[in-house]
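Reading through the structure tokens given below for one structure.
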Amino acid sequence: MKKKQKIFISFFSLLALFILISSTIFADYTFLGKRNSGAKFYVWYDTSVFNNSYEGYFNTGKNNWNNISSKVGPLTYNQNSEVNGKKSDRYYVGSTTNSGVLGYFNPMLNNGTSVNPFESSWDYGSIYAYKNQIDLYGLTSAQITSSVATHEVGHSLSLSHNFGSACNNNCVMTANALTSIAPNTEDKTQLKNKWGN
Amino acid sequence: MKTQIGSKMKYTVSAIVLILACIFIFFLIKLNNQELKVINFPASYISYDSESDLSKSADIIVLGTPAEEFQSRKHQEVRHEDGSLADFYTLTDFKIEKFLKKPEIVHPNTINDDTITFTEPISIIDNNGERAIISLDGYQELEYGENYIVFLKDNGMGNYSVINMNEGKFNLQKDEISQLSSHGDKEASDRHSQIRREVLKRYINN
Ligand SMILES: [Zn+2]
């Protein structure tokens, strides 16, 4: 009896420990919503992207998410904002009144209604890079590529801000620091967590 | 007989009218009190991890309270030529109790008597026929009737705006922890509490 009890107790404490550890290790930093047509789609650049010579940043930013999951990418540039009757994601360069804001992602339904990505899925999205703040804070090319372009495209692939210890303020999807890197192991884990291997 | 049926009819009709009126009033009240839907856009921004970094980077640090309810403030949206949402913010009038940091020259038109006007990264827009609150990265507006310490920075365009999202304004009375975990992440709330403690310690306790 006593032995059985011991086994019983140790089994459940092990189970509790396992749940605790796995919840910290496998913390989910993705949106509930996602792009309705999946993660292989076309992107379109507004003339503001070319006028400000940001196409290089966006090219690298979107290509950085290729070859991680077989379900994600390639995100292909097309000069038409609609391909085969489907809306492409739209990239812009603009300016903002909000100090220190470098860019944002706006997920929308086909009729242009914005949705909350934390709650629901979308048909297409727009990404703005805010050049006035990027210039004001003197971001390097590597930081624009990583913290603005790659980061915002990451949002369009359903990745949310990563506050976890596996990221440690040092992955592309951190909100707490500027980075100069391509997606690292933790970014890739979250992408696969959302879309599959 | 005839009169009996007549009065019965009258009762029934009045009862139906009364019920319809009640339903109508009920929906009217409900419509009026309907809370606006909140859409939280993910954003990338310059972030500060501590009170000292925030204090160093802010051009203005001010203690005070909003002059108006959020819904009454000036909500702005900027549309690109193709209609896409290029920028948005709210102009907030804030009653100054005390400046904790102030540059020698403050932008004109931002201070009027005891009020400073600055921007918050949140707005109310017409989202295809439905009014909605849109915010950057879960930012929550300064609440009317509450006292705050707010960290502001010159945006390079003649305005001051709140920096560091929710970790750029701190409610003096309460830790807005539960409201701020809009992403459901404990780490972000802990971060807010931590910086708030540092801010209160430096600017309030001594
Ligand atoms: Zn972000």
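Laid out as a table, the results:
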quantity: Relative contact order (%) - criterion: Cα under 8 Å, at least six apart; region: chain B; calculated: 22
quantity: For region B:119-131, Karplus couplings with θ = phi - 60° (6.51, -1.76, 1.60), whole Hz, Gly/Pro x; calculated: 10, 10, x, 7, 7, 10, 10, 8, 8, 6, x, 10, 5
quantity: Where only C-alpha atoms are counted, convex hull volume of chain A per residue in Å³; calculated: 141
quantity: Spacing of the two label points (7 Å from each Cα toward its C-beta) at A:VAL83 and B:THR12, in nm; calculated: 6.6
quantity: Distant-in-sequence amide H partners of B:ALA67 (H built 1.01 Å from N, under 5 Å); calculated: B:ASP93, B:PHE94, B:LYS95
quantity: Residue pairs, from the table A:LYS87/A:LYS188; A:LYS86/B:LYS153; A:LYS34/B:LYS169, whose Cα atoms sit over 29 Å apart; calculated: A:LYS86/B:LYS153; A:LYS34/B:LYS169
quantity: Label-zone membership for region B:128-163, site B:LEU200, 7 angstrom Cα→C-beta point, backbone N under 16 Å; calculated: B:146-150
quantity: Rg/Rg_ref, region B:36-203, where Rg_ref = 2.2 N^0.38 Å and atoms are Cα; calculated: 1.01
quantity: Overall form of the protein assembly as shown per C-alpha gyration tensor (a/c, 1.5; a/b vs b/c); calculated: rounded
quantity: Neighbour-count ranking [beta-carbon atoms within 10 angstrom, fewest first] of B:ASP113, A:ASP135; calculated: B:ASP113, A:ASP135
quantity: Neighbour-limited loop hits for GluC sites (Glu not before Pro), region B:100-155 (at most 12 other Cβ within 10 Å; DSSP other than H, G, I, E, B); calculated: B:GLU104, B:GLU130
quantity: B:SER52/B:ASP190 FRET efficiency (R0 25 Å; Cβ-Cβ; nearest 0.05); calculated: 0.85
quantity: Cβ-based net charge around A:TRP44, under 13 Å, with every Lys or Arg adding one and every Asp or Glu removing one; calculated: -1
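Values quoted throughout were computed directly from the atomic coordinates according to the rules given, and no laboratory measurement underlies them. All of these numbers come straight from a predicted model, not from anything done at the bench. Please note: Cβ atoms are built from the backbone with ideal geometry, for glycine as well, and neighbour counts cover all protein chains shown.
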